[in-house]
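For reference, the structure discussed in these notes is given below.
The values are calculated or read from the model by the stated rules, or taken from the named source; none is laboratory data. Note that this is a predicted model, so its numbers are computed, not measured. All Cβ positions, glycine included, derive from the backbone under ideal geometry; neighbour counts span all protein chains shown.
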Amino acid sequence: MPNNQVVNFEITPEYFRQWGASDGECGFGPEGFHKFQSAKQFASWLRLAPNNKISGGKVLSSRIPKGSNRLKMTLRSAANAIGNLKDTPLSDFFRRVCYRKGRMVAISATARKLAVIIWNMVVKRQLYKSPVEYLFLDQKRKLKTVLNIRKQMAKFALTNQDLEISNNLIISAVQKR
């Protein structure tokens with residue numbers, strides 16, 4: 001069974017073409033990734049994780065620190081390109097964050113997600129599984145809302161017939177206006 005997501009090319013010539021150095025010289029070879037115990041540490045080293053400044057239990061700042069790491073810049077430009085794609089799990093994530101926080105925050109968040117994916121692929125030797133098989137976050141939220149409504153119905157001893165009657169009353173009242 002062939003995997004369509006596997007890219008077959010040697011990365012060392014790309015390093016020489018892009019940066020004029022090999023992966024060992026840049027410190028991004030497999031050994032470089034193993035220096036970090038978790039993907040969170042790797043993302044923090046790339047300065048893609050928020051630096052929460054807390055004083056007295058209150059979050060004063062949660063901005064991403066500045067830094068001009070080449071890998072960070074590459075991941076940010078890849079995240080920006082992902083933002084222009086359609087119908088992929090990462091572009092859906094990008095759009096959700098972009099809608100709430102803006103494009104620049106979405107670029108940083110998607111770049112961090114890419115860094116975590118890369119760390120897991122290199123260190124844990126896991127293929128990237130896009131969450132197509134799983135329910136998307138929007139669907140999970142909708143299911144959670146339905147469950148909460150059912151709990152409320154049970155709490156007030158309501159049935160589906162009671163809701164249908166009240167819906168019909170609302171619809172008829174709206175139509176009379």
* To do: Tell me which residues, restricted to segment 96-116, are surrounded by fewer than 16 Cβ atoms within 10 Å (Cβ to Cβ) and assigned to a helix (DSSP H, G or I).
  => 96, 99, 100, 101, 103, 104, 105
* Asked: Mind checking which residues of segment 76-94 are charged (D, E, K, R) and in contact with a Ser or Thr (Cβ under 8 Å, 6 or more places away or on another chain)?
  -> 76
* Structure fact -> Selection over segment 104-130 where residues are within 16 Å of the chain's Cα centre (by Cα), at pLDDT below 85 and not small (Gly, Ala, Ser) yields a count of 2
* Which residues, taken from segment 95-122, are in contact (Cβ under 8 Å) with a residue 12 or more places away in the chain and more than 25 Å from residue 36 (Cα to Cα)? -> 95, 96, 97, 98, 103
* To do: Please go through segment 131-158 and pick out each residue that is surrounded by 10 or more Cβ atoms within 10 Å (Cβ to Cβ), at pLDDT 75 or above and in a loop (DSSP other than H, G, I, E, B).
  => 158
* Structure fact -> Of those in segment 32-66 that are more than 21 Å from the chain's Cα centre (by Cα) and outside any strand (DSSP E or B), the residue farthest from residue 113 (Cα to Cα) is 56
* Any residue in segment 39-50 that is at pLDDT 85 or above, surrounded by fewer than 16 Cβ atoms within 10 Å (Cβ to Cβ) and closer than 24 Å to residue 128 by Cα? -> yes
* Asked: Which ones in segment 66-122 are under 21 Å from residue 52 (Cβ atoms) and polar (S, T, N, Q)?
  -> 69, 108, 110
